[in-house]
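Student: Dropping a structure here in structure tokens format, bear with me for questions.
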Amino acid sequence: MDDTRKKIIEATVSLFVSKGFKGTTTKEIAIASGVNEVTIFRHFGSKQGLFEAVVDSMTFQTVYDERFLSELSWDLEKDLCLIAKTYQERLDSIRDIVLIGFREAGNYPELNELISKFPQSFKSVVYNYLAEMRQKNKIVDVNIELQAMNFVWLNFGYFISKARFGQQLIAVDQDEFLQQSTFLFARGLKP
């Protein structure tokens, strides 16, 4: 990503966090990023195009790269814990954008599709991992897509509960949540 695009995206994230999608203007983004407003439109087309670029820059393909995949041990519980921990860390780093997406989705339904990229990309990682584990006969014969979604719901639900309610809903810290939830999840999939 070139420096201009990067500066614009960083300024956009900062403004969206403080003012929301609707409350932020492209003029404010231009000022905050030190570029002309025309430059924003040339690079992104519209404010929605800019939001799409923000979301694309924060999806999980870069998190679960070849280097990450080489760290997998093909031990179900250990790997699921690593996958979930990495997901929680990534979500924590983009927490504000995810929450903005939820907050603004009522006004801009198209944001739902953009925000859904986070759990969709995670589902793809989990699906591919479980499919490989089934091929290696290390898990029972189950509907892989359904189990991948169960793992997404488990982890995304924890993130949203923590992000929205803090300790009010659950006082368990992230490490204990990951240990207990992946243990039980893996237990149900082992032959």
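Student: With labels modelled as points extended 7 Å from the Cα through the Cβ direction, what inter-label distance (nm, one decimal) is found for V17 paired with A163?
Tutor: Each label point lies 7 Å from its Cα, and together they span 1.3 nm.
Student: Using the 2.2 N^0.38 Å rule of thumb for compact globular proteins, work out how the chain stacks up: its C-alpha Rg over that value, please.
Tutor: 1.16
Student: Hey, another quick one. What share of Cα pairs, in percent, lie more than 12 angstrom apart in the range 79-123? Walk me through the numbers before you get to the answer.
Tutor: On the way: 627 of 990 pairs.
Here the tail beyond 12 Å accounts for 63 percent of pairs.
Student: How high is the FRET efficiency from E37 to R95, r the C-beta distance, R0 30 Å, rounded to 0.05? If you can, show how the numbers build up before the last one.
Tutor: Working: r = 28 Å, r/R0 = 0.94.
Result of the calculation: an efficiency of 0.60.
Student: Return the carbon/sulfur percentage of the accessible area of the range 37-144, one whole number, probe 1.4 Å, all protein chains in place.
Tutor: That share works out to 47 percent.
Student: Only Cα pairs under 8 Å and at least 6 apart count here; give the relative contact order of the chain as a rounded whole percent. The partial results should precede the final answer.
Tutor: Numbers: 138 pairs, mean separation 40.4, N = 191.
Relative CO of the chain lands at 21 percent.
Student: Now a separate question. If you roll a 1.4 Å probe over the heavy atoms of the protein chains, what accessible area per residue do you get for the chain, in Å²?
Tutor: Accessible surface, normalised per residue, equals 53 Å².
Student: I'd like to compare 51-57, 165-171: which one has the highest average count of other Cβ atoms within 10 Å, and what's the full order after that?
Tutor: 51-57, 165-171
Student: If you don't mind, another one. Is the shape of the range 1-91 best called rounded, prolate or oblate, per the rule: a/c under 1.5 gives rounded, else a/b larger than b/c gives prolate, else oblate, with a ≥ b ≥ c the square roots of the Cα gyration tensor eigenvalues?
Tutor: Values: a/c = 3.78, a/b = 2.54, b/c = 1.49.
The shape class here is prolate.
Student: For each pair in K85/K136; K7/K85; K47/K162; K123/K162; K22/K85, compute the distance between the two Cα atoms and list the pairs where it is over 22 Å.
Tutor: K85/K136; K7/K85; K47/K162; K22/K85
Student: Here is a further query. For every helix of n ≥ 4 consecutive DSSP H residues, a contribution of -39,500 (n - 2.57) applies; sum these over the chain, divide by its total residues, and give [θ] at 222 nm rounded to the nearest 500 deg cm²/dmol.
Tutor: Working: 11 runs with 144 residues, N = 191.
Dividing the helical sum by the residues of the chain leaves -24000 deg cm²/dmol.
Student: What number, in percent, do you get for the relative contact order of the range 1-88 if the mean sequence gap of Cα pairs under 8 Å and at least 6 apart is divided by its residue count?
Tutor: 23 percent
The values are calculated or read from the model by the stated rules, or taken from the named source; none is laboratory data. All figures in this text were calculated on a predicted structure; none of them were measured in a lab. As a convention, Cβ positions derive from the backbone with ideal geometry for all residues, glycine included, and neighbour counts pool all protein chains shown. These accessible areas exclude ligands, DNA and RNA; they are computed on the full protein's heavy atoms, side chains included. Shrake-Rupley method; radii C 1.70, N 1.55, O 1.52, S 1.80 Å.
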